[in-house]
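The values are calculated or read from the model by the stated rules, or taken from the named source; none is laboratory data. Because the structure is predicted, anything quoted here is derived from the model rather than measured. Counting neighbours? That spans all protein chains shown, and the Cβs are built from the backbone with ideal geometry, glycine included.
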Ligand code: FES
Ligand code: FES
């Protein structure tokens, strides 16, 4: 049997504790042990970005990290972006711009874009394209996603 | 499913209202669940005590299996089941063809699991079920298979020689071969002042949806429930039931959210038998989620074709005739839709042009590669590229303007319906129903600002500019019928049940729009259910851009009947929602396919030193008859175009000469990312509503992709006009283009040859 241990992680402000194999990836921990299935597996080798979550506010690929590596870090998943029943302005912009079709890449896109806008509140189109270049989408052609992120940034700028 | 908003159910129960929902850019009711992580994709379906399956796949392209030893795998703690063909009674039962049963194909069907011979890298050899996917994969490593490797067929040319046979017992690699013709093609070529013959190649690639395939099966002793195969659930139900000698009613296929389909997902694959079988053996739910490597080697591939095509023209550019030979690589077995692309390819070679005399020899061959199926725009993408590229090459030879030659040859509006003859042996005569192909061409050119674009190799800041045009026509609305059921609930809401399935297109929203217009109720009054076998008596599923054309028409007619019933209630003095549920069930039969058409125009710049291509502007224009929701229709068009643009430059499933797959991960299988994807301008016209259905709709899901390779190859060819590159082979990858340029340069350096 492979070695197991108890792993405790801070996810979306909650503490999640589970006994699992030490080789459990953060992705599988979130999906199978924390019950957070919004984070998706598209390739499990670090290329597609479907598994993107935030670790202390920076976007990371949950398929490339072992849960046991995360330690004290704060994990945020798509479920943690807004309180239940609500959506952030970024999520709403995605909807307005039809920035999702099948929705499989969407949580990863949101987590990457959310982190981008925190670091760079006023990105230009090239910066948005560059930031999202590690998130594959097979449905939308990216255009509406980029428009949604730019629109959200602009609206935030107008509000502040 | 969208939750109905109990307030504001509109005036459905008062008076007939005329609708304004269809045609409006209504935001999708589906979105919220996806944006908040609440979607329910296949891997999100989970049960207590569920087993996790993994499939052992052949590592060889062609080998005999001498022996399989599962002892160590079976002994691993946590392993529940290890099975090979020897353990499975139905192992030799082949998976039948669903679409395009061309003559001869049924000799090459795929068994549910390889018994004594493997024929492609990725073919299932054993199935393991364990307490977790981790343990299941550990167990795969412990299975020992003793292979006796044989010679493999890695290419169409090699296959055609029949020197090595993929299926020795059949005695040939030619799975099907037939001629199609309309008019008299020899007469058209006889005495033609100009002809040109080229040999084209379209590369192997695939839909590669972001969610890989996956299934959850649960056998409870009398009912088999299966989640995850979303495309043609009723067909798959019948097939699965037949494998187990069960009545169809003992099988339920249940739709989940799906991370993209693109033709690949939801056909009946070996795993669609193996996973339910394992669940039946174990008496517990079993989940199988494909990993990306498996997906690239085991899910359907598509597109790989060679085509010799010859055009006969008058010197003014009038096309006299077109003839050719198509050879498709089907991979090792004929799968459910293996014959679709090659037969459509031949059908769409003449395209939107007035080509009365056309002939084609169609051949499909087996090789030791992954079997093929349909991919978005099957046969159209390929056919369009071959023909449109040949047209531009001919224009180059004759010194004619490519736009003028297209204008001259496009079928005119007043010539509709235009008979296309019988170009698919499994179908009857067909005809383009209605369309203004010229208007499509003109509007696409003006959308991109064609007259002002630098082209013909104009040099700007070191980049050579070129513009390419490609016109297309394509069919949609297959599958002869669709069912719809609407129930008016006592709380004033409605449930709509449809036999189509959805893979992200937004059908829940569009069906609510259609029914809302008939019933005078807002979107929020509807819950839309689709894709599961429990909802309607039968459903034909989603393919051939049929969901709106056929499924939407059924919803419209059912809603109209519901309207009549509610009107009758109102006339009898009843006010408000009905006192008990009212149900309307309806089956809509199509009057045959409908044809959407359009033009793509690409403006590119090419760096002649590195062969790098920048797509500066791209217009994808399509007349879809009727735009039900412009937000969604544009999404389909742009997404399809980017998928096609990416495929034309990047996507490629490569094999070595031993038929070993070289592109089994996303590190090798490249797809367009946000930095490569150009801005695409989608233009959707509604100039020619389809007369064949009550919505006037034509398919909108595939037109975005079909003309991409043609337009791009012509644009790159135009930018590099000085070298007269044939560009008869895809992909237009950096390597391939750089090589073509190098070769052209060294040829030009030979004295006495010009460029
Ligand atoms: S699943 Fe992690 S990057 Fe693809
Ligand atoms: S919306 Fe389907 S992959 Fe992005």
- Item | Residue list for the range B:94-104, restricted to those being touching a strand residue (DSSP E or B) at 6+ places or on another chain (Cβ under 7 Å) and assigned to a loop (DSSP other than H, G, I, E, B) | B:95, B:96, B:97, B:102, B:103, B:104
- Item | Tally of residues being without any contact (Cβ under 8 Å) to a residue 60 or more places away in the chain and out of contact with any strand residue (DSSP E or B) (no Cβ under 6 Å at 6 or more places or on another chain) across the range B:450-480 | 4
- Would you mind finding the one in B:694, B:689 that is surrounded by fewer than 22 Cβ atoms within 10 Å (Cβ to Cβ), in contact with a helix residue (DSSP H, G or I) (Cβ under 6 Å, 6 or more places away or on another chain) and at pLDDT below 95? B:694
- Task: Just give me the residues in the range B:99-117 being under 21 Å from residue B:277 (Cα atoms) and surrounded by 20 or more Cβ atoms within 10 Å (Cβ to Cβ), in sequence order.
- Result: B:110, B:111, B:112, B:113, B:114
- Item | Pairs where the first residue, in the range A:138-155, is without any contact (Cβ under 8 Å) to a residue 40 or more places away in the chain and the second is within 16 Å of ligand 1 (Cβ to nearest atom), C-beta under 6 Å, 6+ apart | A:138/B:209; A:138/B:210; A:138/B:260; A:139/A:102; A:139/B:260; A:142/B:674
- Query: Just a yes or no: is a residue in the range A:132-144 on the phi > 0 side of the Ramachandran plot and facing another protein chain (nearest Cβ under 10 Å)?
  - Reply: yes
- Message: If the requirement is being in the same structural domain as residue A:138 (by TED's automatic domain parsing), under 26 Å from residue A:137 (Cα atoms) and within 16 Å of ligand 2 (Cβ to nearest atom), which of these qualifies: A:50, A:99?
- Response: A:99
- Message: Which residue is farthest from residue B:258 (Cα to Cα), if the candidates are limited to the range A:13-31 and must be away from ligand 1 (no atom under 13 Å from the Cβ), crowded, with 18+ Cβ neighbours inside 10 Å and at pLDDT 95 or above?
- Response: A:16
- What are the residues in the range A:78-131 that are more than 10 Å from chain B (Cβ to nearest Cβ), closer than 20 Å to residue A:56 by Cβ and not in a helix (DSSP H, G or I), if any? A:120, A:121
- Query: Conditions: (1) buried (at least 16 other Cβ atoms within 10 Å of the Cβ); (2) free of Cβ contacts under 8 Å to residues at least 12 places away in the same chain; (3) away from chain A (no Cβ under 11 Å). Residue B:37 meets all but one. Number of the miss?
  - Reply: (3)
- Query: How many residues does the range B:637-668 hold that are assigned to a loop (DSSP other than H, G, I, E, B), buried (at least 24 other Cβ atoms within 10 Å of the Cβ) and within 14 Å of chain A (Cβ to nearest Cβ)?
  - Reply: 1
- Output yes when any residue across the range B:505-516 is surrounded by fewer than 24 Cβ atoms within 10 Å (Cβ to Cβ) and touching a strand residue (DSSP E or B) at 6+ places or on another chain (Cβ under 7 Å), and no when none is. yes
